[in-house]
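Student: Have a look at the structure that comes next, please.
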Amino acid sequence: MNVIEASGLSKRYGSTWALRECTLAIPAGHVAALVGPNGAGKTTLLNLAVGLVAPSAGGVTVLGGRVAGSPAALDGIGFVAQDTPLYKNLSVADMLHLTRNLNRRFDQAAAEARLAELDIPLKRKAGRLSGGQQAQVALTLALARRPRLLVLDEPVAMLDPVARHDFMAMVLTAAAADGVSVVLSSHVLTELERVADYLILMSRGRVQVAGEVDDLLACHRMLTGPAAEADRYTERPVVQASRAAAQAHLLVRATADDPVPAGWEVHQVGLEELVLAYLRQPGAGALPGPARSRSSQPSEVTG
Amino acid sequence: MTALTTPAPPREDASLRPVPWQRMGWVTWRQHRVTLAGVAALLGALAVLLWIVGLHVHQAYSAAAACRPTSSAICDDMFGNFSVMDGFLANGFLLQALPALIGVFVGAPLLAREMETGTFRYAWTQGIGRLRWALAKLVLLAISVTVASGLFSLVTTWYYQPYFAASNPVPQPPLAPTLFDLRGVAFPAWTLAAFAIGALAGMLIRRVVPAIAATLAVYTGLVFAAGGFLRAHYLTPVLTSSLNVPGTAWIASQWWTVTRSGQFAWAGRPPMSVLGNITCPNSGPPNGKPTMVSIEQCVVQHGYTQWTSYQPTTRFWPFQWIEGGWLLVLSVLLIAVTVWLVRRRAA
């Protein structure tokens with residue numbers, strides 16, 4: 001099952017395309033990170049997936065074919081929007097009560113236990129909580145709905161490192177313990193490797209790379225060799241080339257089985273390195289191919 | 001023969017029952033109870049004020065009405081006292097602001113605040129879905145403010161009774177703009193319309209303060225349009241050539257024709273050019289001064305006919321229901337458009 005599946009999904013604001021011809025399938029059972037620079041279309045894609053925004057073209061379904069934004073779809077999605085909006089004049093207890101009334105399922109006991117663990121007083125007004133606490137409350141509310149998919153839009157952007165760590169720990173616990181699929185957007189690359197096992201890289205309103213992190217790492221290699229020979233390397237597609245003095249570093253799409261030209265050294269790449277390389281080369285194509293991937297197979301990387 | 005494959009069991013969402021409507025009752029109450037309490041306090045305080053002043057007004061009026069002999073100087077004095085005793089309430093300007101206030105403070109912020117603070121991204125992604133959320137909130141609040149103002153209208157209707165009473169020597173025309181929409185079903189209908197205008201303005205503008213300004217502007221415009229233009233045409237005016245038009249009638253227009261040819265002569269009062277050319281005998285009571293009516297009678301004697309088109313007082317309730325009706329239809333339309341916008345909103 002795909003938790004989010006988009007085909008030809010496009011969204012235009014005025015004359016600007018926030019998202020263009022996005023075809024994408026995020027399989028269930030992952031913590032998927034949506035990465036890209038500001039304005040890449042991450043928030044637009046997530047807003048389309050939760051039905052806050054209607055597409056200009058194409059379509060998007062969630063949780064195995066439910067129309068995005070329909071009550072059936074929303075029933076299974078816990079969404080924490082950017083800046084984690086809460087009603088500032090309501091107490092935390094009221095926010096729990098409110099969310100319980102607006103949903104079919106609500107695990108009050110689990111939510112209260114979680115808030116007690118976090119030392120967040122139930123009587124405190126939401127507006128008087130710190131940013132980190134507000135984010136925790138918003139996440140607690142989303143998880144108490146027992147969703148099958150948790151969608152987080154820039155959840156940690158405003159948080160300090162400790163709050164960020166606690167927040168992600170809670171997300172990962174939910175993913176591991178309750179089998180909740182997670183899709184989160186972020187432009188914070190640190191910790192990405194620890195958190196995400198599926199990566200969607202976006203730039204300029206298009207999906208540039210998508211796939212399981214392990215597969216992506218397995219099919220990329222960093223070659224280091226003499227700068228003079230860098231231009232002659234044609235065996236495998238080069239994502240990014242950088243030169244420092246006499247040495248050139250080529251990020252190429254190659255597996256461990258691919259031959260290494262004489263005079264070149266080969267290294268494995270880290271996720272952050274890989275992401276940065278693609279972010280610096282928005283033109284460097286990635287996937288997915290015209291056929292939608294319906295399985296959790298890694299999508300084919302096409303140059 | 002192979003057995004047919006049994007169809008896959010229906011997915012969980014096939015039998016998914018939506019979140020019940022009743023739950024929105026608590027949600028609406030919890031989120032808007034301060035506003036609703038404010039409306040209740042405002043209307044309640046004004047109702048008490050109207051009640052206290054109204055008791056005096058009613059007493060003074062009954063005393064004046066019971067005064068004998070009628071039209072004596074003493075009785076006229078008593079009516080005079082009655083008609084000036086409540087000053088600022090008599091013209092109704094203060095109360096005209098109430099529907100606008102409700103539109104501004106209940107209607108306009110309802111959706112504008114969600115948009116302004118971003119909380120719509122929480123509210124519209126809950127399992128209940130934004131259609132039910134919006135519909136329930138709008139309908140519950142619309143009913144609340146309409147019922148509250150309907151109750152208040154009972155008080156104003158009672159309060160203003162003496163002003164329109166038949167035995168009042170200078171009765172107000174019940175259909176005249178300033179007090180017509182404060183009584184009967186018109187007042188709650190205007191309140192509902194103000195709320196609906198506010199809600200739609202909030203959804204369109206998405207900012208609380210500009211939405212409030214827009215609500216005030218549109219509501220005021222609509223009040224003036226209704227009082228100044230629409231109301232006079234609810235029913236075809238009665239046309240009469242009699243000079244004895246009842247004082248409480250709401251006169252739409254007056255004009256003169258030449259009696260013999262039926263040709264239009266002039267509109268309104270006889271112009272000086274006509275009055276200068278005719279001499280009128282002193283047709284007033286013996287030793288009395290000629291009145292305006294007698295001047296008009298004199299003009300009639302000189303071959304002119306006065307035509308008056310007017311709305312008679314008996315049309316008060318038909319006009320109330322007509323006004324209440326179109327305002328209700330308008331409000332339902334505005335609320336429907338608002339819900340549609342919530343559902344369709346792409347941003």
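The values are calculated or read from the model by the stated rules, or taken from the named source; none is laboratory data. Note that this is a predicted model, so its numbers are computed, not measured. Backbone-built Cβ (ideal geometry, glycine too); neighbour counts: all protein chains shown.
Student: Search the stretch A:65-106 for residues being in contact (Cβ under 8 Å) with a residue 60 or more places away in the chain and of a type outside the set (Val, Ile, Thr), and hand back the single one that is nearest to A:Leu9 (Cα to Cα). Before you say what the answer is, go through the steps one by one.
Tutor: So the first thing to find is which residues in the stretch A:65-106 are in contact (Cβ under 8 Å) with a residue 60 or more places away in the chain, and the list is A:65, A:76-84.
Next, from what is left, pick out any that are of a type outside the set (Val, Ile, Thr): A:65, A:76, A:78-79, A:81-83.
Working: A:Gly65: 15, A:Gly76: 21, A:Gly78: 22, A:Phe79: 20, A:Ala81: 20, A:Gln82: 21, A:Asp83: 25 Å.
Restricting to residues being in contact (Cβ under 8 Å) with a residue 60 or more places away in the chain and of a type outside the set (Val, Ile, Thr), the top hit is A:Gly65.
Student: Restrict the check to the stretch A:5-21 and report whether at least one residue is outside any helix (DSSP H, G or I), buried (at least 19 other Cβ atoms within 10 Å of the Cβ) and among the β-branched types (Val, Ile, Thr).
Tutor: The answer is no, given that none of the residues of the stretch A:5-21 is outside any helix (DSSP H, G or I), buried (at least 19 other Cβ atoms within 10 Å of the Cβ) and among the β-branched types (Val, Ile, Thr).
Student: Identify, please: which residue in the stretch B:100-130 is touching a Phe, Trp or Tyr at 6+ places or on another chain (Cβ under 7 Å) and among the small types (Gly, Ala, Ser) and is, among those, nearest to the other protein chains (Cβ to nearest Cβ)?
Tutor: Top of the filtered list is B:Ala123.
Student: If you don't mind, another one. If I filter the stretch A:68-79 down to residues being farther than 15 Å from A:Leu141 by Cα and more than 7 Å from every other protein chain (Cβ to nearest Cβ), which single residue comes out as surrounded by the fewest Cβ atoms within 10 Å (Cβ to Cβ)? Reasoning before the result, please.
Tutor: Initial filter on the stretch A:68-79 (farther than 15 Å from A:Leu141 by Cα): A:68-73.
If we keep only those that are more than 7 Å from every other protein chain (Cβ to nearest Cβ) as well, we get A:68-70, A:73.
On the way: A:Ala68: 25, A:Gly69: 25, A:Ser70: 16, A:Ala73: 24.
My answer is A:Ser70.
Student: Which count do you get for residues in the stretch B:259-272 that are surrounded by 13 or more Cβ atoms within 10 Å (Cβ to Cβ) and of a type outside the set (Ser, Thr, Tyr)?
Tutor: If we filter the stretch B:259-272 for residues that are surrounded by 13 or more Cβ atoms within 10 Å (Cβ to Cβ), which is where we start, we get B:259, B:265-266, B:269-270.
Next cut, of a type outside the set (Ser, Thr, Tyr) only: B:265-266, B:269-270.
Going through the stretch B:259-272 one residue at a time, the tally reaches 4.
Student: Between a residue in the stretch B:104-124 that is at positive phi and any residue that is buried (at least 18 other Cβ atoms within 10 Å of the Cβ), which pairs come within a Cβ distance under 9 Å, given they are 6 or more apart or on different chains?
Tutor: Note: pairs meeting the criteria are B:Gly118/A:Ala81; B:Gly118/A:Gln82; B:Gly118/A:Asp83; B:Gly118/A:Pro85.
Student: Scan B:Gln31, B:Gln59 and give me the residue that is at pLDDT 85 or above, among the polar types (S, T, N, Q) and not assigned by TED's automatic domain parsing to the domain that holds B:Cys75. Don't jump to the end; show me each part of the working.
Tutor: Working: B:Gln59 fails: not assigned by TED's automatic domain parsing to the domain that holds B:Cys75.
Sole residue among the options that is at pLDDT 85 or above, among the polar types (S, T, N, Q) and not assigned by TED's automatic domain parsing to the domain that holds B:Cys75: B:Gln31.
Student: Now a separate question. I'd like to check something: does the stretch A:183-206 contain any residue that is over 14 Å from A:Ala33 (Cβ atoms) and among the hydrophobic types (A, V, I, L, M, F, W, C)? Steps first, please.
Tutor: We begin by selecting, within the stretch A:183-206, every residue over 14 Å from A:Ala33 (Cβ atoms); these are A:203-206.
After this cut, where a residue has to be among the hydrophobic types (A, V, I, L, M, F, W, C) as well, the list is none.
Among the residues of the stretch A:183-206, not one is over 14 Å from A:Ala33 (Cβ atoms) and among the hydrophobic types (A, V, I, L, M, F, W, C), which makes the answer no.
Student: May I pose another question? Could you look through the stretch A:80-133, keep only residues that are facing chain B (nearest Cβ under 8 Å) and of a type in the set (A, V, I, L, M, F, W, C), and pick out the one that is nearest to the chain's Cα centre (by Cα)?
Tutor: Within the stretch A:80-133, the match that is nearest to the chain's Cα centre (by Cα) is A:Ala81.
Student: Restricting to the stretch B:131-163, name every residue that is farther than 24 Å from A:Asn89 by Cβ and within 11 Å of chain A (Cβ to nearest Cβ). Can you show your working first?
Tutor: Just the residues of the stretch B:131-163 that are farther than 24 Å from A:Asn89 by Cβ, to begin with: B:131, B:146-147, B:149-163.
Scanning the stretch B:131-163 gives a single hit, B:Leu131.
Student: Only residues that are on the phi < 0 side of the Ramachandran plot and either among the charged types (D, E, K, R) or surrounded by 21 or more Cβ atoms within 10 Å (Cβ to Cβ) (or both): list them for the stretch A:175-194, please.
Tutor: If we filter the stretch A:175-194 for residues that are on the phi < 0 side of the Ramachandran plot, which is where we start, we get A:175-178, A:180-190, A:192-194.
Residues satisfying the conditions are A:Asp178, A:Val180, A:Ser181, A:Val182, A:Val183, A:Leu184, A:Ser185, A:Ser186, A:Glu193, A:Arg194.
Student: Quick one: in the stretch B:17-29, of everything that is part of a helix (DSSP H, G or I) and surrounded by 15 or more Cβ atoms within 10 Å (Cβ to Cβ), which residue is farthest from the other protein chains (Cβ to nearest Cβ)? Walk me through how you get there before you give the answer.
Tutor: Let us first name the residues in the stretch B:17-29 that are part of a helix (DSSP H, G or I), namely B:23-29.
From what is left, the residues that are surrounded by 15 or more Cβ atoms within 10 Å (Cβ to Cβ) are B:23-24, B:27-28.
Values: B:Arg23: 4, B:Met24: 8, B:Val27: 5, B:Thr28: 10 Å.
Restricting to residues being part of a helix (DSSP H, G or I) and surrounded by 15 or more Cβ atoms within 10 Å (Cβ to Cβ), the top hit is B:Thr28.
Student: Within the stretch A:151-158, can one find any residue that is surrounded by 17 or more Cβ atoms within 10 Å (Cβ to Cβ), touching a residue at least 60 places away in the same chain (Cβ under 8 Å) and farther than 26 Å from A:Asn101 by Cβ? Show your work before the answer.
Tutor: Going residue by residue through the stretch A:151-158, those that are surrounded by 17 or more Cβ atoms within 10 Å (Cβ to Cβ) are A:151-156.
Then drop every residue that is not touching a residue at least 60 places away in the same chain (Cβ under 8 Å), which leaves A:151-155.
Retained after the next criterion (residues that are farther than 26 Å from A:Asn101 by Cβ): A:154.
Yes, the stretch A:151-158 contains at least one residue that is surrounded by 17 or more Cβ atoms within 10 Å (Cβ to Cβ), touching a residue at least 60 places away in the same chain (Cβ under 8 Å) and farther than 26 Å from A:Asn101 by Cβ.
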